[in-house]
Amino acid sequence: METDCIFCKIVNGEIPTEILYQDDKLVVFRDINPHAPVHILIVPRRHIRSINDLTEEDREIISHMIMVGKEIAKDQSVNSSGYKLLFNVERGGGQVIFHLHMHLIGGWKKK
Ligand code: 5GP
Ligand code: ZN
């Protein structure tokens, strides 16, 4: 755990946050500043700075994040309308929280 990392604090329960799903590898909660009707973050418990810092041993957590994302999309009823699974990588890629996370974004109104 990184002492001044917001997501480590959420994962460890130091910042009270409604948890939508959790297991021994990751936690899932709503984005505090949603960009769409459904905007959820899928966050590994282990502090990894960004996609750039992934190692061979992280293959399992990345695939698990995607599989959980798929299930959360179904729970949130955006699976058939469609959604984005997104990683922002480092500052130029829009990352502002340097604890790896995947955005699940969807639920836009049909035109
Ligand atoms: P990034 O731009 O790093 O990929 O995304 C970080 C996301 O975390 C942003 O969409 C931001 O709104 C969200 N966020 C930042 N601080 C908090 C927080 O304390 N609680 C929650 N639930 N989301 C946060
Ligand atoms: Zn962290």
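Based solely on its DSSP helices, what 222 nm [θ] is calculated for the chain when runs of n ≥ 4 H residues each add -39,500 (n - 2.57) and the sum is averaged over all residues, nearest 500 deg cm²/dmol?
Values: 2 runs with 23 residues, N = 111.
Rounded to the nearest 500, it is -6500 deg cm²/dmol.
Quick check: residue separation of residue 23 and residue 46 times 0.36 nm, minus the Cα distance between them. What number comes out in nm?
Working: separation 23, 0.36 × 23 = 8.28 nm, distance 1.21 nm.
The residue 23-residue 46 span can extend by a further 7.1 nm.
Rounded to a whole number of µm²/s, how large is the Stokes-Einstein D of the range 35-79 at 10 °C and 1.306 mPa s, given Rh as the Kirkwood radius over C-alpha pairs? Could you put the intermediate results ahead of the total?
Working: Rh = 11.9 Å.
Once the numbers are plugged in, D ends up at 133 µm²/s.
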- request: Taking 7 Å along the Cα-to-C-beta vector as the label spot, tell me the residue 80-residue 31 distance in nanometres, rounded to one decimal.
  value: 2.5
task: In whole Hz, with x marking every Gly and Pro, tabulate ³J(HN,Hα) for the range 17-27 from phi via Karplus 6.51 cos²θ - 1.76 cosθ + 1.60, θ = phi - 60°.
output: 8, 5, 9, 7, 7, 8, 8, 6, 9, 8, 10
- request: Report, please, the projected area of the range 6-106 averaged over directions, based on the convex hull of its C-alpha atoms, in nm².
  value: 6.2
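Between beta-carbons, use under 13 Å as the cut-off and find the net charge around residue 79, counting Lys and Arg +1, Asp and Glu -1. All intermediate terms of the calculation are to be shown ahead of the outcome.
Values: positive: 70, 74, 84; negative: 71, 75.
Value of the local net charge: +1.
Taken together, the values in this text are just the output of simple stated rules run on the coordinates, not laboratory data. Values in this document were obtained by computation on a predicted structure and should not be read as measured data. Don't worry about glycine lacking a Cβ; one is built from the backbone with ideal geometry, like all the others, and counts go over all protein chains shown.
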